[in-house]
Structure formats: C-alpha cells, structure tokens
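Values in this text are rule-based calculations from the coordinates and carry no lab data. No experiment lies behind these values; they were computed from the predicted model shown. Cβ placement follows ideal geometry from the backbone for every residue including glycine, while neighbour counts extend to all protein chains displayed.
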Amino acid sequence: MLRQSTPAAGPDRFRAELEAFGLGPAQIDAMVKAAQGAAREDGIEVFAWCAPALRWFLALASQWRRDGDGRALGLDYGAAEGTARMAGIAVGPDDFARLQVLEQAVLRILLERQKRRRPVGGRR
C-alpha cells in the first residue's frame, strides 16, 4: 500500500498548515490519520521501485500542459524536476521513464472520455 509519512516537521505543524487552508477538524483528523500511514479503503498497492515515480506523478497534478480548449496534452517537464526536488522525492532516469508511462496512461483515459462525450456526427 502506498503510504505517505507525516511531514518531517511533525503532526502539529501539519495540522496548523491544514488549518491555514481552511479545513475543518474532521478533515484535518482524517488527513493526519492518513499521513501517519493508517489503512484506507481507497489505498493501492505499489511496488517499492514504482513508488517514487507515482509520488512524483501525483505531485505534478497541477502541471499539465493544455490546448486552447483545456484538453491535457502532457505534463510540463520543465516543472517536473523542480517539483520532485521541492517535494523531497529523489528521482532518476528510470523514474522519469515510469513517470512518462503514467502520463501516457492518463492521456489515453482522457482521450477515451473525450470521445465518449463527443456528439455523434458532430464536433464538440
């Protein structure tokens, strides 16, 4: 199961940061519990050698390049290295290759969703 440890600054600082974002006590308790490695129903199992690339991919969630219609074209690789560094994720060339596999899988899913939403015989 992929688990993220509580930030190095400790749970009290983590709580304070979550409060600063306006989260309520129940939301904060849930996030602190999850960060401490508590089992979650939506957890997934990940091979240890894939975990850095997955963490990196998740950290890049807001770093998608988009076309004029808002469709995702791919990750912003210019932001990728800095994001990994700032998130404290040690990555290398193998992780970058795994990141690209994740990126391509998501792009395929997004394309399929787009095709399903497009009206038959017309342009969207």
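Around I28, what is the net charge, scoring Lys/Arg as +1 and Asp/Glu as -1 over all other residues with Cβ under 10 Å from its Cβ?
Details: positive: R15, K33; negative: E17, E19, D29.
That sum, taken over residues with Cβ under 10 Å, equals -1.
Which of the chymotrypsin sites (Phe, Trp or Tyr not before Pro) across segment 42-102 are loop residues per DSSP, with 12 or fewer other Cβ within 10 Å?
F47, W49
Can you give the Rg to Rh ratio of segment 51-117, both from alpha-carbon atoms, with Rh computed by the Kirkwood formula? Don't skip to the end; give the middle numbers.
Numbers: Rg = 12.5 Å, Rh = 12.4 Å.
Here the Rg-to-Rh quotient is 1.01.
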